[in-house]
1. Would you check if there is a residue in segment 49-64 being within 24 Å of the chain's Cα centre (by Cα) and over 18 Å from P86 (Cα atoms)?
2. Any idea how many residues of segment 30-66 are farther than 29 Å from A12 by Cα and loosely packed, with under 11 Cβ neighbours inside 10 Å?
3. Looking at the structure I just gave you, is G61 at positive phi, in contact with a Lys or Arg (Cβ under 6 Å, 6 or more places away or on another chain) and not assigned by TED's automatic domain parsing to the domain that holds K137?
4. In the list A134, A147, which residue meets the criterion of being modelled with pLDDT under 80, over 30 Å from L10 (Cβ atoms), not assigned by TED's automatic domain parsing to the domain that holds T24 and not in a helix (DSSP H, G or I)?
5. List the pairs whose first member sits in segment 15-44 and is closer than 24 Å to M1 by Cα and assigned by TED's automatic domain parsing to the domain that holds K87, whose second member is modelled with pLDDT of 95 or more and among the hydroxyl-bearing types (S, T, Y), and whose Cβ atoms are under 7 Å apart, counting only residues at least 6 apart or on separate chains?
6. Can you run down the residue pairs with Cβ atoms below 8 Å, 6 or more apart or on separate chains, where the first is in segment 115-131 and over 12 Å from T145 (Cα atoms) and the partner is aliphatic (A, V, I, L, M) and assigned to a helix (DSSP H, G or I)?
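The values are calculated or read from the model by the stated rules, or taken from the named source; none is laboratory data. These numbers come from a predicted model, not from an experiment. Cβ placement follows ideal geometry from the backbone for every residue including glycine, while neighbour counts extend to all protein chains displayed.
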Amino acid sequence: MRYIEPLSNLIAQLTKLPGVGEKTAARYAYSLLNASKEDTDALIAAIKEVKDKVHFCSVCGNYTDNDVCDICKERSPKVICVVKEPKDIAAFERLKDFKSKMILQVHDELIVDAAKEEADEVIKILVEEMSNAAKLKVPLVVNYTVAENWGLLK
């Protein structure tokens, strides 16, 4: 479909977002077009604010609006969590009140040392977070294995 130039430009910009094709971008564009000026101004301000204020933590590389993120301020420097991207930290922050700890991440595999009484809840949280980590056209299947020790993992 041929759109007027301002709408066409907005759609083109929206398709640059991950998982947003032309149809979705057009729906978003029409939604923004029909939104109140206050709502669109608030969205513009929020985007500008995040681009102006959010950067990487000087210690760990997490997203923050300070020099050092809140996680680094509160955690012992002896605790290490390695993730692919800062957005992946959210899954592990949900586990912070657990005894369980992520031991290692290699590419798309995680090794988590979970207390037996927490194992089911840890699995539930990680499956939910990892399954929803990215919007894909096909569902992301998360497999897990539970074992008494690393040697028994298959």
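1. Here is the first cut: in segment 49-64, the residues within 24 Å of the chain's Cα centre (by Cα) are 49-64.
Next, only the ones that are over 18 Å from P86 (Cα atoms) stay: 49.
For segment 49-64, residues within 24 Å of the chain's Cα centre (by Cα) and over 18 Å from P86 (Cα atoms): present.
2. Residues in segment 30-66 being farther than 29 Å from A12 by Cα and loosely packed, with under 11 Cβ neighbours inside 10 Å: 0 in total.
3. Values: at positive phi: yes; in contact with a Lys or Arg (Cβ under 6 Å, 6 or more places away or on another chain): no; not assigned by TED's automatic domain parsing to the domain that holds K137: yes.
In short, no.
4. Details: A134 fails: over 30 Å from L10 (Cβ atoms).
Answer to the selection: A147.
5. Note: no pairs meet the criteria.
6. Between residues of segment 115-131 that are over 12 Å from T145 (Cα atoms) and residues that are aliphatic (A, V, I, L, M) and assigned to a helix (DSSP H, G or I), the close pairs are I125/A91; L126/A91; E129/A90; E129/A91; M130/A91.
Here's the yes/no breakdown for (1) of a type in the set (A, V, I, L, M); (2) in contact with a strand residue (DSSP E or B) (Cβ under 6 Å, 6 or more places away or on another chain); (3) modelled with pLDDT of 70 or more; (4) closer than 30 Å to A46 by Cβ:
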site: S76; (1), (2), (3), (4): no, no, no, no
site: P86; (1), (2), (3), (4): no, yes, yes, yes
site: I89; (1), (2), (3), (4): yes, no, yes, yes
site: K101; (1), (2), (3), (4): no, yes, no, no
site: L104; (1), (2), (3), (4): yes, yes, no, no
site: A119; (1), (2), (3), (4): yes, no, yes, no
site: L126; (1), (2), (3), (4): yes, no, yes, yes
site: E129; (1), (2), (3), (4): no, no, yes, yes
site: V142; (1), (2), (3), (4): yes, no, yes, no
